[in-house]
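Trainee: Following this message is one structure expressed as structure tokens.
The values are calculated or read from the model by the stated rules, or taken from the named source; none is laboratory data. Bear in mind the structure is a predicted one, so any value in this text is a computation, not a measurement. A quick note on method: Cβ atoms are made from the backbone with ideal geometry, for glycine too, and the neighbour counts reach across all protein chains shown. The protein model used for the area step is the full one, side chains on, heavy atoms only, and it has no ligands, DNA or RNA in it. Shrake-Rupley method; radii C 1.70, N 1.55, O 1.52, S 1.80 Å.
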Amino acid sequence: MRTQVGIVGAGPAGLMLSLLLQREGISSVVLESRSRAYVEQRVRAGLLEQWARDLLIEIGAGERLQREGLVHDGIRLSCGGALHHIDFRRLVGRIVTIYDQKEVVKDLIALLLDRGGQILFEAEATALDGLGGSSSVIAFRHGGETRALACDVVAGCDGFHGISRPAIPDGVLTVYERGYPFGWLGILSESPPASDELIYAYHERGFALFSMRAPSLSRLYLQCDPDEDPARWPDARIFDELRARLGGSCALAEGRVLQKSVTPMRSVVVEPMQHGRLFLAGDSAHIQPPTGAKGMNLAFADVVFLSRALALHYRHGRTDALDAYSRTCLDRVWKAQRFSWFMTQLLHRFPDETAFDRRRQLADIAYLAGSVAASTALAENYSGLPLE
Ligand code: RFL
Ligand code: PHB
């Protein structure tokens, strides 16, 4: 098999890249280790920045998104029994959309296959060869056989646990990393959301996030230990804790818990995001705590930059944009890291915190709630910095 761009991974990054390349007349093949059913059911992110929504519509994958996506003008911060509204539409003229990542993935897969794109499911990439030479080969296992995909360029869109990043020789990458002493217990509940917009709750018992997926489906998160066992959280305990952390600022309806799991939290960025013919995009190059809702959006931004650079390369023989790929992405990635860290340190309890730290957090929230300058900065970052 041969193609121009070999893409490892059919998450948001890999699928969007294949569609963007197709629009530029560049061929690609997507290799995905899991089955189609598996990637279409994986519960993950939920929030699209304004420009990411616009991108999905522009590429032709926005029909269901525009019908079923929940458009929010802002978010609410809950603290000390009060709810503070940060109104993105008023402050920066932008909105955000709640639309589950698995729905985004479903729509992108359907569109790509409909347009004659190539995705091989249950095709696990096992090795990347020739990254420093004139062409590369991705070895993969498919249907019990070992096969090879020859390509000009490899796009490593295989997430944080993929093979692309580890395929880069030792000593080439600088890894910037920060751990957090907590995780999130994520819950999907058959109950109407507590509010029409997301609530980020600061509370002495720990952080809680009240999100949603549909008018009768809530997505809820509780700060917990990073190695917490979800089995220790029967439904009644979950709702007692959510109600306590919401602090009476609005009513919370109980419902059947459909799913619960614990996500530990980490910030990681690798530099550079390119090695020879391999370009990393999305979670394979960077992850951040979900408090800023940045992961899927950053994955899309990376592949927009990569597809533009590849178009210039194939159309005009230019390599300047490809050479600048890592720098271009990292500028945005670090701003997203900063914002995700800001939201995380603002709202969580830390085991080694002092009374001074708590007072400072409360002052920060009061400043956000009361200052147009501070809330505009939050609105601008949360709803998505412009791509250009
Ligand atoms: P993905 O989605 O992990 O896709 C990688 C794909 O590569 C496949 N793969 C391989 N395929 C072939 N061969 C191999 N050797 C392979 N190894 C791996 C995998 O099966 C998979 O299909 O990475 P991508 O495309 O970079 O997308 C990143 C996003 O998925 C991620 O950043 C977000 O989910 C993060 N995230 C959020 N992002 C947002 O933008 N907004 C949010 O509100 C948000 N909330 C969240 C989140 C992530 C969370 N968790 C579970 C980590 C909330 C949570 C709780
Ligand atoms: C979600 O709805 O899953 C979600 C929303 C916002 C976040 C994190 C997760 O910051």
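Trainee: Apply the Debye scattering formula to the range 274-388, with a single equal point scatterer on each alpha-carbon and no solvent, then give log10 I(q)/I(0) at q = 0.14, 0.21 Å⁻¹.
Mentor: Cα-only, vacuum Debye calculation for the range 274-388: -0.68, -1.11.
Trainee: I'm checking a number: the convex hull volume of the Cα atoms of the range 239-305, normalised per residue, in Å³. What is it?
Mentor: Spread over its residues, the Cα hull of the range 239-305 gives 148 Å³ apiece.
Trainee: Please list, ordered by chain and number, the residues whose modelled amide H lies under 5 Å from the amide H of A45; skip anything fewer than 5 residues away on the same chain.
Mentor: Here the answer is Q101, since their amide H atoms fall under 5 Å of that of A45.
Trainee: Per residue, how much accessible surface does the chain expose to a 1.4 Å probe? Answer in Å², no decimals. If you can, show how the numbers build up before the last one.
Mentor: On the way: 15970 Å² over 388 residues.
Each residue of the chain exposes 41 Å² on average to a 1.4 Å probe.
Trainee: Now, a different point. Based on alpha-carbon centroids, what's the gap between the range 261-323 and the range 184-207 in Å, whole number please?
Mentor: 30
Trainee: Lys and Arg at +1, Asp and Glu at -1: add these up for the other residues within a Cβ distance under 12 Å of I168 and post the number.
Mentor: 0
Trainee: Against the longest alpha carbon principal axis of the chain, how many degrees, from 0 to 90 and to the nearest 10, is the axis of helix 101-114 turned?
Mentor: 30
Trainee: Can you give me the % of accessible surface on the chain that is carbon or sulfur? Probe 1.4 Å, all protein chains present, nothing else counted.
Mentor: 50
Trainee: Taking a ≥ b ≥ c as the square roots of the eigenvalues of the Cα gyration tensor of the range 138-189, is the shape rounded (a/c under 1.5), prolate (a/b larger than b/c) or oblate?
Mentor: oblate
Trainee: Which whole-Hz ³J(HN,Hα) couplings does the range 65-79 yield from phi under the Karplus relation 6.51 cos²θ - 1.76 cosθ + 1.60, θ = phi - 60°, glycine and proline marked x?
Mentor: Karplus values, whole Hz, x for Gly and Pro: 4, 6, 7, 9, x, 9, 7, 10, 7, x, 10, 10, 10, 9, 7.
Trainee: Please state the shape class of the range 1-144: rounded when a/c is under 1.5, otherwise prolate if a/b exceeds b/c and oblate if not, all from the C-alpha gyration tensor. Please list the in-between numbers first.
Mentor: Details: a/c = 2.40, a/b = 2.16, b/c = 1.11.
Judged from the Cα gyration tensor, the range 1-144 comes out prolate (a/c at least 1.5, a/b above b/c).
Trainee: Give the Rg (one decimal place) followed by the Dmax (whole number) of the range 80-225, computed from C-alpha coordinates and expressed in Å.
Mentor: My reading of the Cα-based Rg and Dmax gives 21.8, 62 Å.
Trainee: Enumerate the amide H contacts of H142 below 5 Å, restricted to partners 5 or more residues apart or on another chain; note that Pro and chain-start residues carry no placed amide H.
Mentor: Sorted by chain and number, the residues that satisfy this are R147.
Trainee: Taking H as built 1.01 Å from N, whose amide H comes closer than 5 Å to the amide H of A123, not counting residues under 5 places away?
Mentor: E32, S33, R34
Trainee: Between the alpha-carbon centers of the range 361-388 and the range 70-112, tell me the distance in whole angstrom.
Mentor: 15
Trainee: In whole percent, what relative contact order does the range 289-343 give with Cα contacts below 8 Å and a gap of six or more residues?
Mentor: After rounding, I find 51 percent.
Trainee: Still on this structure, I have one more. So what is the relative contact order of the chain, in percent, for Cα pairs below 8 Å that sit 6 or more residues apart?
Mentor: 20
Trainee: What trypsin sites (Lys or Arg not before Pro) in the range 173-267 are in a loop by DSSP, with at most 15 other Cβ atoms within 10 Å of the Cβ?
Mentor: Of the trypsin sites (Lys or Arg not before Pro), the ones in loops of the range 173-267 whose Cβ has at most 15 other Cβ atoms within 10 Å are R205.
Trainee: Consider just the alpha-carbon atoms of the chain and return their Rg together with their Dmax, both in angstrom.
Mentor: Cα-based Rg and Dmax for the chain come out at 21.2, 63 Å.
Trainee: Another question about this same structure. What is the helix-to-structure angle for 12-23, meaning the angle in degrees between its Cα long axis and the longest Cα principal axis of the chain, kept from 0 to 90 and rounded to the nearest 10?
Mentor: Tilt of helix 12-23: around 50 degrees.
Trainee: I would also like to ask the following. Run the numbers on the range 79-183 and let me know its relative contact order in percent, using alpha-carbon pairs under 8 Å that are six or more apart.
Mentor: 13
Trainee: Enumerate the lysines that K260 could reach by cross-link, defined here as Cα to Cα under 18 Å, with residues fewer than 8 away along the same chain left out.
Mentor: Of all the lysines, those that pass the test against K260 - Cα under 18 Å, at least 8 places apart if same chain - are K102.
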